[in-house]
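Note sheet for the following structure.
The values are calculated or read from the model by the stated rules, or taken from the named source; none is laboratory data. From a predicted model like this one, the values you see are computed outputs, not experimental measurements. Quick reminder, even Gly has a Cβ in these numbers, built from the backbone with ideal geometry, and neighbours come from all protein chains shown.
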Amino acid sequence: MTNTIDPRLIEKGLKLKNSDFFNRIDTQILLEIATLGEEIYIQKDEFLFKEGDPGDGLFFILNGSLDIIIGKKVVNTLNEGDVLGEIALIDSKPRTASVKALELTSLLRFSPSLFDEILEEYPAIAKRVIQTLINHIRTLTVSI
């Protein structure tokens, strides 16, 4: 009897591995992380969350595109392989931007408590969170 891994899980793990956020993390660890995330879908023009909403997790885009909106201005567009929601995980404050789907989009959602466990187990991911926050700050600074 052979153990088979769900092809969908392998696909999620590869997408994590090919992202800037997770590319330095061991593939076996990413397969474990992929099993923990909740896969969610949002339709075109649907909001994932709005500015001021409570932070309820970190999201990894599996497929699709999302606009990041502050006030009424689109400040960034995120695509497959991008991560969002990390600011609310760090400071537990309301969302700093709204996020709207440009097309049908699938995401992996990691709750704050689950992500805390992941950070404790895999400290290299904490460094990626910091680097991502710095990149967001730079992007916002340029757009102002």
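Does the range 41-56 contain any residue that is part of a helix (DSSP H, G or I), surrounded by 15 or more Cβ atoms within 10 Å (Cβ to Cβ), of a type in the set (V, I, T) and at negative phi? No: the range 41-56 contains no residue that is part of a helix (DSSP H, G or I), surrounded by 15 or more Cβ atoms within 10 Å (Cβ to Cβ), of a type in the set (V, I, T) and at negative phi. When R109, R95 are screened for being buried (at least 19 other Cβ atoms within 10 Å of the Cβ) and basic (K, R), only R95 passes.
For the range 66-89, give me each residue that is under 12 Å from the mean Cα position of the chain (by Cα) and among the polar types (S, T, N, Q). Residue satisfying the conditions is N79 alone.
Of the residues in the range 57-66, how many are assigned to a loop (DSSP other than H, G, I, E, B) and among the β-branched types (V, I, T)? Selection size over the range 57-66: 0. Once the range 90-114 is narrowed to residues that are under 11 Å from the mean Cα position of the chain (by Cα) and of a type in the set (A, V, I, L, M, F, W, C), the residue that is modelled with the lowest pLDDT is F110.
Tally the residues that are part of a loop (DSSP other than H, G, I, E, B) and either within 28 Å of R8 (Cα to Cα) or touching a Pro at 6+ places or on another chain (Cβ under 8 Å) (or both), restricting the search to the range 85-144. Steps first, please.
The initial filter retains those residues of the range 85-144 that are part of a loop (DSSP other than H, G, I, E, B), namely 85, 92-97, 102-104, 111, 122-123, 144.
Pick out the ones that are also either within 28 Å of R8 (Cα to Cα) or touching a Pro at 6+ places or on another chain (Cβ under 8 Å) (or both) and you get 85, 92, 94-95, 102-104, 111, 122-123.
Result for the range 85-144: 10.
Within the range 2-29, can you find the residues that are surrounded by 12 or more Cβ atoms within 10 Å (Cβ to Cβ) and among the hydrophobic types (A, V, I, L, M, F, W, C)? Matches in the range 2-29: L9, I10, L14, L16, F21, F22, I25, I29.
Looking at I25, I29 in this structure, which one is of a type in the set (V, I, T), at pLDDT below 90, out of contact with any Lys or Arg (no Cβ under 7 Å at 6 or more places or on another chain) and part of a helix (DSSP H, G or I)? Going through I25, I29 in turn, the sole match is I29.
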